[in-house]
Each structure stands twice: as structure tokens, then as C-alpha cells.
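Presented below is the structure to which this report refers.
The values are calculated or read from the model by the stated rules, or taken from the named source; none is laboratory data. Just so it is clear, the structure is predicted and the values come from calculations on it, not from any experiment. Every residue, glycine as well, gets a Cβ built from its backbone with ideal geometry; the counts of neighbours run over all protein chains shown. We work out accessible area using only protein heavy atoms, side chains counted, and drop any ligands, DNA or RNA first. Shrake-Rupley method; radii C 1.70, N 1.55, O 1.52, S 1.80 Å.
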2 protein chains.
Amino acid sequence: MVGDDGGPRWLDSTEMRAWRSYIVGSALLRQQLHSELSDRHNVALGDYELLVLVSECADHRMRMAELAAGIGGSKSRVSHQVARMEKSGLLRRTTCPGDGRGVFAELTDAGLAKLVEAAPTHVEGVRAHLVDLLDEQELATLAAVFGRMLDHLDRHGTAH
Amino acid sequence: MVGDDGGPRWLDSTEMRAWRSYIVGSALLRQQLHSELSDRHNVALGDYELLVLVSECADHRMRMAELAAGIGGSKSRVSHQVARMEKSGLLRRTTCPGDGRGVFAELTDAGLAKLVEAAPTHVEGVRAHLVDLLDEQELATLAAVFGRMLDHLDRHGTAH
């Protein structure tokens, strides 16, 4: 990954503009979605994302390792997060008899109720601040680009 | 923002695929770039991003409020981050005589040295995990889409 002179290949102005817009836009989007969820439903965006993933699994429970992969976080960070959410009653940690492969996070009734309550706010934000700003072609490009990135990072052997 | 039946307009499968790829891909990308910077240069991605912004300002210093806007973070979070980076010697907080408009973050010699040392690793990661995976058209779409999102969030009056 070096330039013709052996030095780093710095981004040109077009690449830099795309990169900066993406990084700053993504940070602001998360901040906005987080504010909407925490102001209206007293739930953090990261916690909401975790509730969604667990709710989509059979029996509303998911292995901790799969949970980490599903939100793109490290196992230790997700473990702390689940412990915190257990204290606030949204999830519980369980083990499965006869299954030695670790700990599950399981949705509680309160967690499911919070998810059902907050989901309309979240989808409204996702539409207003991203999806509805894009035409069909741009949405397809977004899916293609980030799908390719996910494949690349999986092959690359990331920290997760 | 309601569907024909008055309920939320949930994402369809195409929109959901784009959204999920974007959210999970972005989280994994930050985790990967963070690992590369912290493993090789002992600097967190968020701290590196802050050093870049300050280094681009006249006299290597920047108002705290502008810094928050530039990285898409809240003022309180950026304030904590700068305090931490001041302790580790990468930045110092200053006030400008005759300028009542608040506190600046200023790059130290150690901060500049860290930035110069880590920049080739960062640009290599940004290229390998995103920019070089995209063709010219995709890169232009990325810039357009996130530029539009930034304009929208600015108008919308976000939490920052």
C-alpha cells in the first residue's frame, strides 16, 4: 500500500471528501438516532440495536459471541453492555442445559415491551435521516458497498 | 412518517439490507481502524481523528465547539476527550487573550509527532478496508449521499 515513491498513498481530494462526509455523517446520524431514542424512550441506540438482534432469534435469545458479531462490537464490550442491560431489566443472561457453548442473552418481557415501544421512533429516524433521502440506485450502491466491506473485513480477520 | 394504515413505515427487505450492511459494516470498520492504530501506535481512533482536525487549523488550535461539530460528537463528550488527551500530553487547553469565545484545544509537539507517526497506518487502513474497494462511481455516490445527510442533519437541528 505504497505510492510510486514508496511513501503512503494519501487520499486525493475526491477520496478525502467522500471519506470525511461518510465519517462525520455517520457519527452525527448515530448521535441523532440516539437522542431520539433516549429522549422519547429512555433507551440508548446501542442498547436498542442489541434488543433488535436478540428479538430476531429463536426463543428470543442469542449467544454472546454471535451478538458481538451482529453489532460489530468486541466480545468484551458486548459482555459489559449485556451486564448493564441485565441490571436495568431488559435482558437476562442464561446458559442452556447440555449446551457447553457459552452464555446466552435472552430478552425479558420488559425488553420486548421497550423494543415494541421504541421501534416506530427508530424506523422514523432511519427513514428521515437516511433511507428516504436516497433514491433506489443510491440505496443499492449503499448495500453493495457495505456488503463488500463486510466480506472484506470477514476475510481480513478483524478484531471481532 | 406513517404508512397507508397510519402505522410506521417499516423498512422493506431491500432497505433493511442496505441499512444493516451500512450499520454493521461501519461499526466493524471503526473497530478495525481502531485496532490498527492502537496496536501499532498506542492511539485510539477517536483520539487520532481529533488530532487530525486540530492539526488542520491555523496555529494548530481549534475551538472546542468547532471540534465537537467536526467529529460529530457532543460538546460534553469532546470536552472529556480533550481533558484525557491533555493528561496524556497530546493536546493542551488554552484560552486566547482578548477572545472571550471559549476554550481552544491546541496540538502539542508530542501530539503532532503521534499524528505524523500514525497517519500512514490510518490511510493504509482507510484505503484497504473502504476506498480501494470502491470504483469511482461508488465513491461519488458515497460522497453525495453522506453530504446530503450532513446538510439534512444541519437543517434538522441535531443534538450537537
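I'd like to check one number: the per residue accessible area of the protein assembly as shown, probe 1.4 Å, reported in Å² as a whole number.
On the way: 15570 Å² over 320 residues.
It amounts to 49 Å² per residue over the protein assembly as shown.
Compute the acute angle (0 to 90°) between the alpha-carbon long axis of helix B:109-129 and the principal axis of greatest extent of the alpha-carbon atoms of chain B; round to the nearest 10°.
For B:109-129 against chain B, the angle is about 20 degrees.
Working from Cα positions, state the angle (0 to 90°, nearest 10) between the long axis of helix B:75-87 and the longest principal axis of chain B.
The helix B:75-87 is inclined about 40 degrees to chain B.
Relative to a virtual label point 7 Å from the Cα of residue B:155 in the Cα→beta-carbon direction, which members of segment A:1-43 show backbone nitrogen distances below 16 Å?
What the label zone holds, given the 16 Å backbone N cut-off, is no residue at all.
Based on the alpha-carbon gyration tensor of segment B:3-160 and its eigenvalue square roots a ≥ b ≥ c, which shape applies: rounded if a/c is under 1.5, prolate if not and a/b is larger than b/c, or oblate?
Since a/c reaches 1.5 but b/c is at least a/b, the shape of segment B:3-160 is classed as oblate.
Specify the residue with the greatest mean-square fluctuation among A:53, A:67, A:133, computed from a Gaussian network of chain A linking alpha-carbon atoms under 10 Å apart.
The residue with the greatest mean-square fluctuation here is A:133.
To the nearest 0.05, how large is the calculated FRET efficiency for residue B:94 and residue A:138 if R₀ is 51 Å and r is the Cβ-Cβ distance?
Efficiency, rounded to the nearest 0.05: 0.75.
At a probe size of 1.4 Å, how large is the accessible area of residue B:22, to the nearest 10 Å²?
Per-residue accessible area (residue B:22): approximately 0 Å².
Hand me the tally of lysine pairs in the protein assembly as shown: alpha carbons under 30 angstrom apart, and the pair either on different chains or 8 or more positions apart.
11
Could you state the orientation-averaged shadow area of the convex hull built on the Cα atoms of the protein assembly as shown, in nm² to one decimal?
19.2 nm²
Could you put B:75, B:87, B:114 in order of accessible surface area, largest first, with the 1.4 Å probe and the full protein assembly present?
Sorted by accessible area, descending: B:87, B:75, B:114.
With solvent modelled as a 1.4 Å probe, how much accessible area in total do chains A and B shield from it at their shared surface, in Å² to the nearest 100?
Numbers: alone 10890 and 10890 Å², together 15570 Å².
Buried: approximately 6200 Å² between B and A.
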